[in-house]
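A short write-up of the structure that comes next.
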Amino acid sequence: MEGVNIHSMCLEPKIAASRDKYLNMPPADRRTHYKCGKKYVVLEDLTDWPSYARQHRCGKKVETKWSADSLLNRKICIFEGDITTLEIDGIVNAANNRLLGGGGVDGAIHKAAGPQLLEECAALNGCATGDAKATGGYKLPAKYIIHTVGPIGENESKLHGCYLTCLETAKALRMRHIAFPCISTGVYGYPNKNAAHVALSTTREWLEKEENAKQVDRIIFCLFLPVDVKHYKELLNTYFPLE
Ligand code: ADP
């Protein structure tokens, strides 16, 4: 896991200064730079899993090895929409190995963050599949972006590596909230339901460690497509059973 300690990375001073300008800006000033204008989504607007299940009547009891833990359940959020609007500590980008932007969520994140993000990404020397590297969020409402590279096609251990290194990176950078898109399920072609199993099982296993659970307030699954909403609704109760 290279590049976790964002503040000690050997970045050119000019790039580090533009990254830090946004990281250190008072929240009210940062808001004037958002590409999404006033359409940003604050933490309080996010629905936690128990409330989401009540609203959508989807917390059906299932057989599972995981215990019902109301504290953990409240850390899990479902957000249906655009990850670039979330005003939280960190969002995850489903990037490619070169980290130089692309289509899908990667393109949307670069567009919303502005061209300075590309300068920082270019200095990172790419990223291996299953690994993650963090940058500043620039003009995004999110403070940080964690760029991870998902596998092309189905590869459980690599996708597990993505979720795990992102969670560890968030912890190392003291992020209290992190939002994931459905990594690899777009152009990279990972079957949606199997990918949801990996996302949820990795997250639950990680949260089982008390020191991890203490470090994070919200883990948000950002669902952009109806097919993912369907799978997460169906699978959440296996990994985060309600009481
Ligand atoms: P990959 O190359 O890893 O498959 P994609 O960007 O093609 O990445 O797709 C990953 C997921 O991100 C897909 O579910 C896609 O629908 C979703 N997605 C695309 N744009 C956004 C966005 N703005 N916010 C959140 N999710 C998005």
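A few points about this structure:
For (1) touching a Leu at 6+ places or on another chain (Cβ under 7 Å); (2) open to solvent by 10 Å² or more (accessible area, probe 1.4 Å), each residue gets a yes or a no:
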{"site": "I146", "(1), (2)": "no, no"}
{"site": "N155", "(1), (2)": "no, yes"}
{"site": "G161", "(1), (2)": "no, yes"}
{"site": "R174", "(1), (2)": "no, yes"}
{"site": "I183", "(1), (2)": "yes, no"}
{"site": "G186", "(1), (2)": "no, yes"}
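- So L207, is it touching a Ser or Thr at 6+ places or on another chain (Cβ under 8 Å), among the aliphatic types (A, V, I, L, M) and more than 16 Å from L99 (Cα to Cα): no
- Listed by position, the helices (runs of 4 or more DSSP H) inside the range 162-243 whose residues that are under 21 Å from N93 (Cβ atoms) and within 16 Å of the ligand (Cβ to nearest atom) number at least 1 are 192-208, 226-239.
- Matching residues in the range 91-122 - criterion: being more than 14 Å from the ligand (Cβ to nearest atom) and in contact with a strand residue (DSSP E or B) (Cβ under 9 Å, 6 or more places away or on another chain): Q116, L117, E120, C121
- Residue match in the range 139-150 (condition: assigned to a loop (DSSP other than H, G, I, E, B), of a type outside the set (D, E, K, R) and more than 13 Å from the ligand (Cβ to nearest atom)): no
- Test result for G130, open to solvent by less than 50 Å² (accessible area, probe 1.4 Å), modelled with pLDDT under 95 and not acidic (D, E): no
- Contact map, the range 142-158: residues that are at negative phi paired with residues that are assigned to a helix (DSSP H, G or I) and open to solvent by 80 Å² or more (accessible area, probe 1.4 Å), Cβ distance under 9 Å, separation 6+ or inter-chain. Pairs shown: V149/K158; G150/K158; P151/S157; P151/K158.
- Pairs are defined by a Cβ separation below 9 Å, a sequence spacing of at least 6 or placement on different chains, a first member in the range 208-220 that is open to solvent by 90 Å² or more (accessible area, probe 1.4 Å), and a second member that is aromatic (F, W, Y); the pairs so defined are E208/W66.
The values are calculated or read from the model by the stated rules, or taken from the named source; none is laboratory data. Predicted, not measured: the structure shown is a model, and the values here were computed from it. Note that each Cβ is placed from the backbone with ideal geometry, even for glycine, and that neighbours are counted across all protein chains shown. Protein only, heavy atoms only, side chains kept; ligands, DNA and RNA dropped before computing areas. Shrake-Rupley method; radii C 1.70, N 1.55, O 1.52, S 1.80 Å.
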